[in-house]
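For reference, the structure is listed below as structure tokens.
The values are calculated or read from the model by the stated rules, or taken from the named source; none is laboratory data. What you see is a predicted model; the values in this text were computed from it and never measured. FYI the Cβ positions are ideal-geometry reconstructions off the backbone, even for glycines, and counts take in every protein chain you see.
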Amino acid sequence: MKLHEYQSKELLSKYGVPVPAGDVTTDPAEARSIAERLGGNVVVKAQVLMGGRGKAGGVKLFTNAADAGNFAKDLIGTRLISNQNPTGMVVDKVLVAETIDIAQEFYVAVLLDRNIQKNIVMISAEGGMEIEDVAVEKPEAIVRIPIDPAWGLCDFELRKAVKDAKIPRAAQGQMVAMIKALAKAYVEADADMIEINPCALTPDNKLIAADAKVSIDENALFRHKQYAATSADSADDPIEAEAQKRGIAYVSLGGDIGIMGNGAGLVMQSLDEINAAGGRPANFLDVGGGAQADRVRNCVEIILMDTKVKGLFINIFGGITRVDEVAKGVLAALDQIEVNIPIVARIEGTAVEEGRKILEGSKVQAAATVQEAAKMIVALAHA
Ligand code: GDP
Ligand code: MN
């Protein structure tokens, strides 16, 4: 789960990483007053969870507060599109920070290297540009050191690494200190990536994080509840974000047959059967075990938010989940939202007879097997 730049900088500064003074806001008038407080020489930066904001026009330098405020006004509410994120993201807040004089830009990161199954530090004197481009054009300019899980990073290996990376002498000690701080923050925040690009060297030889991107392992979010709201922001797809808010496991897949099943395995089987029947699934959605009517209604609502959906396929095997509860949930959803698409359900298991009775005479057509249900919904959706 990605954190915003301002959150990343807040976190890292607690570990002693130097960051520019600044503040975040959703209000252009406040952006202007923050700029005034900082003396007018400021950079205004869109706080959206994507890379390449600079090239996309989401980062701009100013020499007076009025211009900074006007830019914030233009920027807030617009959709920022970058080559890394072609659908783009809407800007709802900006970071206003003091402008750093940059003599040189470096790259430094701590991240998980799945190939060697260790965390690593990456350093390069070729900062500012995308590290992926550096890796292709000038791979020798990137120095990688694995972090030993038992004894961590040693000073001597860090000093050698920053030298090998051609970090200038005047910045080497500061770079070693910064990497140690990043590595500590990485472990304690349950991060899977921390990236400073650019890590700026000022003309008077001070090292400072001009940008910061931290990503936290979602499985550890229960230990970092302050980031729960950001978690929904980080979903690129607005329906996925809404599902996350409602606590529903939903992944958008781009097709036109909406899928709802109980249990990840059953949902994956549903995806296969829809594909085998010549259709394309719109989503993955797991209602979960023991689903109650209210939850099922929420799930149907989420699926139908995708306007591409032309048919709804329901695959429920009642074990812990009672099929009659699911049926009630589906009907409750149909009562509350206008549904003009065909719905086919394969229901089986606990309380299946009661479930079938509930669905009788409703919009929902029942099928005896998964394969039959899949064929039916694909045919109906494309009729
Ligand atoms: P990104 O494009 O999303 O990675 O956003 P960055 O925060 O890295 O900003 C893009 C570029 O703007 C950086 O590579 C810098 O060259 C420039 N930039 C950002 N902050 C400052 C600053 O305080 N001073 C100067 N001179 N340039 C800055
Ligand atoms: Mn950057």
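Go through the range 203-222 and report how many residues are at pLDDT 95 or above and either assigned to a helix (DSSP H, G or I) or charged (D, E, K, R) (or both).
4
Considering the range 362-383 alone, what residues qualify as being in contact with a helix residue (DSSP H, G or I) (Cβ under 8 Å, 6 or more places away or on another chain) and in a loop (DSSP other than H, G, I, E, B)?
Ser362, Lys363, Ala367
Among strands (runs of 3 or more DSSP E) lying entirely in the range 28-99, which contain 1 or more residues that are modelled with pLDDT of 95 or more?
Answer list for the range 28-99: 42-46, 59-62, 94-98.
Yes/no matrix, rows are residues, columns are (1) of a type in the set (S, T, N, Q); (2) buried (at least 21 other Cβ atoms within 10 Å of the Cβ); (3) in contact with a Lys or Arg (Cβ under 7 Å, 6 or more places away or on another chain); (4) at negative phi:
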residue	(1), (2), (3), (4)
Val287	no, yes, yes, yes
Met305	no, no, no, yes
Leu312	no, yes, no, yes
Asn315	yes, yes, yes, yes
Gly319	no, no, no, yes
Lys328	no, no, no, yes
Arg346	no, yes, no, yes
Gly361	no, no, no, no
Ala373	no, yes, yes, yes
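Which of the residues that make up the range 33-70 are among the basic types (Lys, Arg) and in contact with a Ser or Thr (Cβ under 9 Å, 6 or more places away or on another chain)?
Matches in the range 33-70: Arg53, Lys55.
Counting only residues that are within 18 Å of Ile100 (Cα to Cα) and among the hydrophobic types (A, V, I, L, M, F, W, C), which one in the range 199-232 is nearest to ligand 1 (Cβ to nearest atom)?
Ala210
Which count do you get for residues in the range 74-98 that are more than 15 Å from ligand 2 (Cβ to nearest atom) and surrounded by 15 or more Cβ atoms within 10 Å (Cβ to Cβ)?
10
Rundown of residues vs (1) in a loop (DSSP other than H, G, I, E, B); (2) touching a residue at least 60 places away in the same chain (Cβ under 8 Å); (3) farther than 18 Å from Ala243 by Cα, yes/no style:
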{"position": "Gly288", "(1), (2), (3)": "yes, no, no"}
{"position": "Arg295", "(1), (2), (3)": "no, no, no"}
{"position": "Glu301", "(1), (2), (3)": "no, no, no"}
{"position": "Phe317", "(1), (2), (3)": "no, no, yes"}
{"position": "Ile320", "(1), (2), (3)": "yes, no, yes"}
{"position": "Ala327", "(1), (2), (3)": "no, no, yes"}
{"position": "Leu331", "(1), (2), (3)": "no, no, yes"}
{"position": "Glu353", "(1), (2), (3)": "no, no, yes"}
{"position": "Arg356", "(1), (2), (3)": "no, no, yes"}
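For Ala171, are the conditions met, namely being more than 30 Å from Pro28 (Cα to Cα) and at pLDDT 95 or above?
Taking the combined requirement at face value, the residue satisfies it.
Residue check: is Lys55 within 16 Å of ligand 2 (Cβ to nearest atom), within 30 Å of Pro149 (Cβ to Cβ) and touching a residue at least 12 places away in the same chain (Cβ under 8 Å)?
Against the criterion (within 16 Å of ligand 2 (Cβ to nearest atom), within 30 Å of Pro149 (Cβ to Cβ) and touching a residue at least 12 places away in the same chain (Cβ under 8 Å)), Lys55 does not qualify.
Within the range 50-63, can you find the residues that are buried (at least 16 other Cβ atoms within 10 Å of the Cβ) and more than 10 Å from ligand 1 (Cβ to nearest atom)?
Hit for the range 50-63 is Phe62, nothing else.
Hey, can you tell me all the residues within the range 284-313 that are in contact with a strand residue (DSSP E or B) (Cβ under 6 Å, 6 or more places away or on another chain) and modelled with pLDDT under 85?
Those that are in contact with a strand residue (DSSP E or B) (Cβ under 6 Å, 6 or more places away or on another chain) and modelled with pLDDT under 85: none in the range 284-313.
Can you tell me which residue among Leu158, Leu201 is in contact with a helix residue (DSSP H, G or I) (Cβ under 6 Å, 6 or more places away or on another chain) and within 16 Å of ligand 2 (Cβ to nearest atom)? Walk me through it before giving the result.
Working: Leu158 fails: within 16 Å of ligand 2 (Cβ to nearest atom).
From the options Leu158, Leu201, the qualifying one is Leu201.
Consider Lys118 against the criteria (1) closer than 26 Å to Val17 by Cβ; (2) surrounded by fewer than 18 Cβ atoms within 10 Å (Cβ to Cβ); (3) within 16 Å of ligand 2 (Cβ to nearest atom): it satisfies all of them except one. Which criterion is unmet?
(3)
Just one of (1) more than 16 Å from ligand 2 (Cβ to nearest atom); (2) under 30 Å from Ala165 (Cβ atoms) trips up Ile194, so point out which.
(1)
Which residue, of Val176, Val162, Val143, Val136, is β-branched (Val, Ile, Thr) and free of Cβ contacts under 8 Å to residues at least 12 places away in the same chain?
Criteria check complete, one pass: Val136.
Given the condition over 16 Å from the mean Cα position of the chain (by Cα), within 30 Å of Leu380 (Cβ to Cβ), of a type outside the set (Gly, Ala, Ser) and not in a strand (DSSP E or B), answer yes or no: does some residue in the range 236-246 qualify?
Within the range 236-246, one or more residues are over 16 Å from the mean Cα position of the chain (by Cα), within 30 Å of Leu380 (Cβ to Cβ), of a type outside the set (Gly, Ala, Ser) and not in a strand (DSSP E or B).
Of a type in the set (Val, Ile, Thr) and more than 20 Å from Asp233 (Cα to Cα): which single residue out of Thr78, Thr87, Thr26, Thr63 fits that description? Show your work before the answer.
Working: Thr78 fails: more than 20 Å from Asp233 (Cα to Cα); Thr87 fails: more than 20 Å from Asp233 (Cα to Cα); Thr26 fails: more than 20 Å from Asp233 (Cα to Cα).
That would be Thr63, the only listed residue that is of a type in the set (Val, Ile, Thr) and more than 20 Å from Asp233 (Cα to Cα).
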